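Before any comments, here is the structure.
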Amino acid sequence: MIDIAGVLAANFLYVILITLGGVLVSGSVHFVPVGGAPAAMAQATGIGTGTVQLAAGAGLTGLVTAGAMLNVTDSIALILAAGMVGAMIMIGVTMMVGNLVYVYGVGVPPASAKVDYDPITKDRQDIYVSQGTEGHGLPTVSFVSGIIGGGLGGIGGALVYYSLMSIANGMASADFIGLAAIFAVGIFFVNAVIPSYNIGGTIEGFHDPKFKKWPKAVVTSLIVTFMCAIVSVITIGGL
Amino acid sequence: MSAGGSGGGAAEAIPQNKLIAFGAAGGLIAIYLSYFMVQLAGPAFSFIGALGAICAIVWGAAAVRRVANYGLGTGVPSIGMLSLGMGIVAAMFGLAVGGIAGPVVAFVTAMIIGLVIGILANRVIGMGIPIMEQSTTEIAGAGTLAIIGLSTAMTGTFMFDVILTEIVATGYIALIFIVAGIAILHPFNANLGPDEKQDRTLSTGFEKGAIAMVMAGIVSAVSAGASAAPTIVIGLAIWYVSFSQYWNYVLRDAYDVVGTGLLPKEEEESE
């Protein structure tokens, strides 16, 4: 039988770090401009797909880049940086290609309906919003917000994976990597869904009024990820 | 965006309690039966694990249908991914610490995590769905049983040392994750709308479960403890029966759809 208390006491730092990683993921989702189905028809600002898919894409890219970095170094700073950059590139490319489609394919100017002036470029927004829509494309503020969100999500995903990979155990390395990766994916998906229920469909970025709801998702993620962290640390540490 | 649906409770012919019994008891019994039959009579009986997974998938699809009918505010797929996210954590934990009691430990762990998520979703996030707590509990349990059932069908056992080397280290766990996830979230997502009917949605659940079973059968071809042929053949048979049934339901529900023709000429010209 596994010495549960002993494993938890020896790895309590990693329980905390996994929880922190989950909370980062949950918070990061609020930065990513998600437009869902309306944005796919250029009737809302953001990327035309759901929160969960985007968060999962960014987080899993962060996980892959962090895993690649873990092959060559043990430095937590480098691994987190690799995860962060990987996820930022993924979200950045997604938004750029999305904007190309909106501008040159659909023929709409990127414009936000939530603010009259772009908080970053100070460009006027409201006169460019087509009638009957909630804005369209990805204006500068949403793009910058998305990059920040991708970065935070990548750090979160990398932190969860790094913490799981740091737990002492007696498994063969192939088994260990597989188990740590699938735990990271499981924890990541839970933390991608919770904020999407908080947001409820669409969000433009940090200038969107819905952004203020983030503490609710973070509190929920904190509790849920803490439970998942204890469960996964016991599993990996006990083998 | 919105999940569609009426924003109220879903009409149902089969009460949810029967489906809970079908999924939970059927799933657990089939997983244990598969394990003991493989021990006693040989790897040909590994297919029973996949039957357990189908029971769990149908139960999960019914629970998704009930909760997503209220309108989750985001797509239906999110709750399927939530189910498998919780399920994978609980399944690995339960199998690792539980030994022979593994599936039960995993099932209970999943339902505890699911219940906490449901309570937080209503109390903290404020989703205001009256059956949220019950549904996330059910969905987490169904996801876990689907994962364990398919793993058992692939390897012939749910002992963690075998699962670890043959399912997790090889990456088949990712296949199980996505196939079981889609099987749970897709039935309602495919049938939602004002004419959604419980039997048609659940027949899609059976059909998607059968596809997952066939895939488990293909994977089990490389496992010493499981036999591929029975799983694939029985999976295909279930797929054929359930898809025919689904087709019948589609014809039944669609017989009075009439064409409205193109837009009137004047309206086209007035633009």
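The values are calculated or read from the model by the stated rules, or taken from the named source; none is laboratory data. Being a predicted model, the structure only gives us computed values, none of them experimental. Here Cβ is always computed from backbone atoms with ideal geometry, including for glycine, and neighbour counts include all displayed protein chains.
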_buried (at least 23 other Cβ atoms within 10 Å of the Cβ), closer than 30 Å to A:Ala174 by Cβ and among the β-branched types (Val, Ile, Thr): is that true of B:Ile178 in this structure?_
no
_Just to be sure before I move on: is A:Thr19 among the hydroxyl-bearing types (Ser, Thr, Tyr), within 14 Å of another protein chain (Cβ to nearest Cβ) and part of a loop (DSSP other than H, G, I, E, B) in the structure I sent?_
no
*Looking only at segment A:197-217, and only at residues there that are in a helix (DSSP H, G or I) and among the charged types (D, E, K, R), the one that is nearest to the other protein chains (Cβ to nearest Cβ)*: A:Lys216
*Evaluate segment B:15-30: report whether one residue or more is crowded, with 24+ Cβ neighbours inside 10 Å, more than 14 Å from the chain's Cα centre (by Cα) and touching a residue at least 12 places away in the same chain (Cβ under 8 Å).*
yes
*asked:* If I go through segment B:92-112 residue by residue, how many of them are crowded, with 21+ Cβ neighbours inside 10 Å, closer than 18 Å to B:Phe36 by Cα and either in contact with a Pro (Cβ under 7 Å, 6 or more places away or on another chain) or not hydrophobic (A, V, I, L, M, F, W, C) (or both)?
replied: 2
*What is the number of the single condition among (1) within 14 Å of another protein chain (Cβ to nearest Cβ); (2) surrounded by 24 or more Cβ atoms within 10 Å (Cβ to Cβ); (3) of a type outside the set (Asp, Glu); (4) farther than 27 Å from B:Gln245 by Cα that B:Val162 does not meet?*
(2)
*Out of curiosity, is A:Ala192 under 14 Å from A:Val52 (Cβ atoms), buried (at least 20 other Cβ atoms within 10 Å of the Cβ) and at the interface with another protein chain (Cβ under 9 Å from one of its Cβ atoms)?*
yes
_Whether any residue in segment A:32-52 is away from chain B (no Cβ under 14 Å), farther than 21 Å from A:Ile199 by Cβ and of a type outside the set (S, T, N, Q) is what I want to check._
no
_Conditions first: (1) within 7 Å of chain A (Cβ to nearest Cβ); (2) modelled with pLDDT of 90 or more; (3) surrounded by fewer than 24 Cβ atoms within 10 Å (Cβ to Cβ). B:Leu115 passes all but one, so which condition is the exception?_
(1)
*Could you tell me which residue of segment A:225-239 is surrounded by the most Cβ atoms within 10 Å (Cβ to Cβ), considering only residues that are facing chain B (nearest Cβ under 7 Å) and out of contact with any Leu (no Cβ under 7 Å at 6 or more places or on another chain)?*
A:Cys228
*asked:* Give me the residue from segment A:95-117 that is part of a loop (DSSP other than H, G, I, E, B) and closer than 11 Å to A:Thr45 by Cβ and, out of that set, farthest from the chain's Cα centre (by Cα).
replied: A:Val108
*Evaluate the following for B:Ala10: is it hydrophobic (A, V, I, L, M, F, W, C) and surrounded by 24 or more Cβ atoms within 10 Å (Cβ to Cβ)?*
no
*Would you mind stating whether B:Leu251 is modelled with pLDDT under 90 and not in a loop (DSSP other than H, G, I, E, B)?*
yes
*Can you name the residue in segment B:164-187 that is in a helix (DSSP H, G or I) and of a type outside the set (A, V, I, L, M) and, of all such residues, is farthest from the chain's Cα centre (by Cα)?*
B:Thr165
*Within segment A:107-116, can one find any residue that is within 14 Å of another protein chain (Cβ to nearest Cβ) and touching a residue at least 60 places away in the same chain (Cβ under 8 Å)?*
no
*Kindly check whether there is at least one residue in segment A:130-137 that is assigned to a loop (DSSP other than H, G, I, E, B) and closer than 21 Å to B:Phe160 by Cα.*
no
*Whichever residue in segment B:243-254 is polar (S, T, N, Q) and closer than 11 Å to B:Asp199 by Cβ and, among such residues, is surrounded by the fewest Cβ atoms within 10 Å (Cβ to Cβ)*: B:Asn248
*Got a sec? Which of B:Gly98, B:Gly102, B:Gly126 is within 11 Å of chain A (Cβ to nearest Cβ), part of a helix (DSSP H, G or I) and out of contact with any Ser or Thr (no Cβ under 7 Å at 6 or more places or on another chain)?*
B:Gly98
*Is there a residue in segment B:219-226 that is part of a helix (DSSP H, G or I), away from chain A (no Cβ under 14 Å), buried (at least 19 other Cβ atoms within 10 Å of the Cβ) and modelled with pLDDT under 95?*
yes
*Can you name the residue in segment B:40-64 that is aromatic (Phe, Trp, Tyr) and under 16 Å from B:Gly217 (Cβ atoms) and is also surrounded by the most Cβ atoms within 10 Å (Cβ to Cβ) among such residues?*
B:Phe47
